[in-house]
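Colleague: Encoded as structure tokens, here's the structure I'll be asking about.
The values are calculated or read from the model by the stated rules, or taken from the named source; none is laboratory data. Keep in mind it's a predicted model, so treat the numbers as computed, not measured. Note that each Cβ is placed from the backbone with ideal geometry, even for glycine, and that neighbours are counted across all protein chains shown.
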Amino acid sequence: MDGIMVVDKPSGMTSHDVVAIIRRKIRQKSVGHAGTLDPLATGVLVILVGRSTKLFEKFVGFDKAYCATMKLGVRTVSADIQGAVVEERSCASVTCQEIEKAFEKFTGDIEQVPPMVSAVKHKGERLYKLARKGVHVERAARKVRVDVLKLLEFSSPLAKFYLECSKGTYVRQVAEDVGEVLGCGACITEIRRTKVGPFMIDHAVKLEEINESHLRDWPSR
């Protein structure tokens with residue numbers, strides 16, 4: 001059994017949890033995912049099955065798109081609403097125009113420091129595992145590309161936005177960095193991945209509905 005599945009990952013579970021469920025559903029041990037979504041995030045998760053797991057590098061390298069919401073005025077340890085609050089500031093005076101102007105600073109080729117709650121490794125251990133232990137380490141900035149960063153809705157303190165970007169771009173870090181430019185701080189409340197390469201959210205199947213019939217052919221060489 002070889003091929004791919006496009007799953008609409010639900011919130012509240014890890015990408016590894018999704019892989020484990022699918023392994024049981026289709027009774028196949030050789031299952032992996034291409035591009036981690038953290039527990040808070042939902043949306044497109046590409047699942048590789050059988051010999052298609054060898055195509056990991058190809059799939060993980062695809063550009064991606066997201067719809068997300070950030071809350072202004074709050075900064076947390078994890079850059080999302082689930083983390084402990086470290087600072088609160090007033091955002092009452094922030095306007096749509098100021099947000100859009102801040103977005104311009106993070107469009108194009110930029111350097112981004114990966115958040116502590118990421119899958120980047122430090123001395124062989126994932127950053128998010130260190131973060132859970134309360135360990136904070138210095139991280140080197142990485143070059144990423146943001147093609148589109150567009151404000152969709154703003155009802156203070158919540159700002160919904162759309163992002164198209166290269167692999168390795170962290171949405172939560174974009175929000176936190178924008179919050180710093182605005183002078184009020186920000187954290188993510190929702191992230192939904194709507195696209196991975198050619199795979200759109202419309203192609204994705206809900207996890208509870210997935211079965212062998214949703215396996216797609218994909219060249220394994």
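Colleague: What's the number of the only condition in (1) more than 20 Å from T194 (Cβ to Cβ); (2) buried (at least 19 other Cβ atoms within 10 Å of the Cβ) that E57 fails to meet?
Modeller: Status for E57: all satisfied but (2).
Colleague: Also, I was wondering about something else. Can you name the residue in segment 107-161 that is polar (S, T, N, Q) and at pLDDT 65 or above and, of all such residues, is surrounded by the most Cβ atoms within 10 Å (Cβ to Cβ)?
Modeller: Once the filter is applied, the top-ranked residue is Q112.
Colleague: Also, I was wondering about something else. How many residues are within 15 Å of L158 (Cα to Cα) and surrounded by 15 or more Cβ atoms within 10 Å (Cβ to Cβ) when one looks only at segment 75-88?
Modeller: The total comes to 4.
Colleague: So, one more: Has segment 34-49 got at least one residue that is surrounded by fewer than 17 Cβ atoms within 10 Å (Cβ to Cβ) and in a strand (DSSP E or B)?
Modeller: no
Colleague: Is it the case, given these coordinates, that R51 is out of contact with any Gly (no Cβ under 6 Å at 6 or more places or on another chain) and of a type in the set (K, R)?
Modeller: yes
Colleague: So, one more: Just wondering, is there one or more residues in segment 49-59 that are of a type in the set (A, V, I, L, M) and either modelled with pLDDT of 95 or more or in the same structural domain as G168 (by TED's automatic domain parsing) (or both)?
Modeller: no
Okay, residues lined up against (1) of a type outside the set (V, I, T); (2) touching a residue at least 60 places away in the same chain (Cβ under 8 Å); (3) part of a loop (DSSP other than H, G, I, E, B); (4) under 28 Å from D8 (Cα atoms):
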| position | (1), (2), (3), (4) |
| --- | --- |
| F56 | yes, no, no, yes |
| Y66 | yes, yes, no, yes |
| Q82 | yes, no, yes, yes |
| S90 | yes, yes, yes, no |
| E111 | yes, no, no, no |
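Colleague: L72 versus (1) under 17 Å from V181 (Cα atoms); (2) touching a Cys at 6+ places or on another chain (Cβ under 9 Å); (3) in contact (Cβ under 8 Å) with a residue 24 or more places away in the chain; (4) surrounded by fewer than 20 Cβ atoms within 10 Å (Cβ to Cβ): which is the lone unmet condition?
Modeller: Exception for L72: condition (4).
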